[in-house]
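Notes follow the structure.
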Amino acid sequence: MMLDLNDKNFEQEVLQSKIPFLVDFWASWCGPCQMVEPIIEELDKEYEGKIKTGKLNVDESPQTAAKYGVMSIPTVILFKEGKEVARKVGFENKESFTKLISDL
Amino acid sequence: MIYDLIIIGTGPAGLTASLYASRYQISHLLIGSQLGGTMAWASMVENYPGFDSITGADLAQKMIEQVKKLGAEIKNTGIIEIKRKEPNFEIKTENDEIIEAKTLILATGTQRQKLNIPGESEYLGKGVSYCATCDATFFKEKIVAVVGGSNAAVMSALHLAALAQKVYLIYRRRPLRADPIWVERIQKESKIEIIYETNVTEIFGDNKVMSGIKLDKPYQNNQELKVDGIFIEIGGKPGTELVNSLRVKLDEKGYLKVKSDMSTNIPGVFAAGDVANASGELQQIITAASEGALAANSVYRYLKKG
């Protein structure tokens, strides 16, 4: 299941995660974000145990979004051992997100 | 199993085609990678009957729910190949699944057109955006530019003006080609400055974030504009790569050529929405929906004929 992330739990959940973490930066008004979410949900199931996933609402958690320089949504960032290792900006198909994970 | 119909594309054309196909009891699969299609990008839709004003994402959601209620089978995945498998057609999905059907409705819409100028891909997500609805929030009290002269461009400029300090609307021609009702609204908005007959030639910055753009001719004696963001709204190009193998005829602008019943030159292959040339320059949700309905009706008659 995708975790609900925010400015408060981001450090603990994502940066201190023992396995890679895929974060979906989104907002309720963003149409393309609604198309990305089901793809990340699927990846969460397919790669259970290998990665974790979560979504961060940029409207409610602007500090984390700003910290990672997110200026366009959807943005999906893959974190590993507390660091950003890959990023996709804008709507992408499932294949492209799958590649992020298989490149790990 | 062999479906009677596969509808490729999940924007308003594909969704409406499915709605009608369900009512005609045509066994069909609706498949596409972007549920809602281009419609989901619109910040406000004010010209779809029955809705005074609704966001594109909400309207898309309503259409998807309606289609699902009628029992349509939807696959949210991309397609990598379409080919003939006499007498039927065969598609291959991104997951390497192969699906066969007697007829096809191509409703693949358009892909966002890029400016193809230096800095555009480099600063994507660092000031460059293709969705004002999504990203306006990152530009509160900032200076931004919108490129384009269509309804979508004007709507984006208005949407941004609500939050930004200043908005430049840069259009390569004159006058704007947006509907008069939008033009009137934009002229009343004091935060928006329109720059006509000008092209953007470069986007620059400090690698981390963009800081300005270059123009092909000076505006107020300056060939560079300091902007924190640029929104590119110059329309789309038809998504026809997949159908090359079927030899569907295109018009001179690259759109799928259809007759008034949405049939193409290939028997059993129909097209609808922005990818088809049925409604000329008018690429609207309502024209896409209408073409989707016509295409489904034509499929119904085609299948009945046997």
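No lab work stands behind these numbers, since they all come straight from the coordinates. Keep in mind that what you see is a predicted model, and the values were worked out from it rather than measured. Virtual Cβ from ideal backbone geometry, glycine too; neighbours counted across all protein chains shown.
The phi torsions of the range B:205-217, fed into the Karplus equation with coefficients 6.51, -1.76 and 1.60 and a -60° offset, translate into couplings of x, 9, 6, 7, 8, 6, 10, x, 9, 9, 10, 7, 8 Hz, rounded to whole numbers, with Gly and Pro shown as x.
Charge tally around residue B:136: other residues with Cβ under 15 Å, Lys/Arg +1 each, Asp/Glu -1 each, net -2.
So what is the relative contact order of the range B:128-232, in percent, for Cα pairs below 8 Å that sit 6 or more residues apart?
Averaging sequence separation for qualifying contacts and normalising by length gives 31 percent for the range B:128-232.
What separates the Cα centres of the range B:168-224 and the range A:65-104 is a distance of 31 Å.
Expressed as a fraction of 2.2 N^0.38 Å, the C-alpha radius of gyration for chain B is 1.08. Taken along the Cα-to-beta-carbon direction at a fixed 7 Å, the label points for residue B:211 and residue A:84 span 1.9 nm. Sorting B:144-157, A:85-98, B:186-199 by their mean Cβ neighbour count within 10 Å, with the most densely packed peptide first, gives B:144-157, A:85-98, B:186-199. Distance between the pseudo-spin-label points of residue B:184 and residue B:68 (7 Å out from Cα toward the beta carbon): 3.9 nm. Using the Cβ-Cβ distance between residue A:59 and residue B:121 with R0 = 45 Å, the FRET efficiency computed as 1/(1 + (r/R0)^6) comes to roughly 0.95. Over the range A:54-104, Cα pairs under 8 Å with separation of 6+ residues give a relative contact order of 23 percent. Relative contact order of chain A, taken over Cα pairs closer than 8 Å and 6 or more residues apart, is 37 percent.
The range B:105-167 and the range B:230-260 have their alpha-carbon centroids 22 Å apart. Among the GluC sites (Glu not before Pro) in the range B:208-296, those placed in a DSSP loop whose Cβ has at most 15 other Cβ atoms within 10 Å are B:252, B:281. For the protein assembly as shown, the average shadow cast by the Cα convex hull is 20.7 nm², which is a quarter of the hull's surface. Dipole check for the range A:3-102: with +1 at the C-beta of Lys and Arg, -1 at the C-beta of Asp and Glu, and the Cα centre as origin, the magnitude is about 380 Debye. Residues considered: B:76, B:244, B:95. Largest GNM mean-square fluctuation over chain B, using C-alpha springs under 10 Å, is found at B:95.
The helix-based estimate of mean residue ellipticity at 222 nm for chain B, built from -39,500 (n - 2.57) per DSSP H run of four or more residues and divided by its residue count, is -7000 deg cm²/dmol to the nearest 500. Shown in residue order for the range B:293-306 are the 3J(HN,Hα) couplings computed by the Karplus curve 6.51 cos²θ - 1.76 cosθ + 1.60 at θ = phi - 60°: 5, 4, 4, 5, 5, 5, 4, 4, 5, 5, 5, 5, 5, x Hz (x for Gly and Pro). Modelled spin labels at residue B:174 and residue A:48, positioned 7 Å past Cα toward Cβ, are 6.3 nm from each other. Set against the 2.2 N^0.38 Å expectation for a compact globular protein, the range B:128-232 has a Cα radius of gyration ratio of 0.98. The tail of the calculated P(r) for the range B:1-65, taken as Cα-Cα distances beyond 17 Å, holds 43 percent of the pairs. The ratio of the alpha-carbon radius of gyration of the range A:3-102 to the globular-protein estimate 2.2 N^0.38 Å is 0.96.
Here the Karplus relation 6.51 cos²θ - 1.76 cosθ + 1.60, evaluated at θ = phi - 60°, turns the backbone of the range B:160-174 into coupling constants of 5, 4, 5, 10, 6, 7, 8, 10, 9, 9, 10, 10, 6, 10, 8 Hz, with x for every Gly and Pro.
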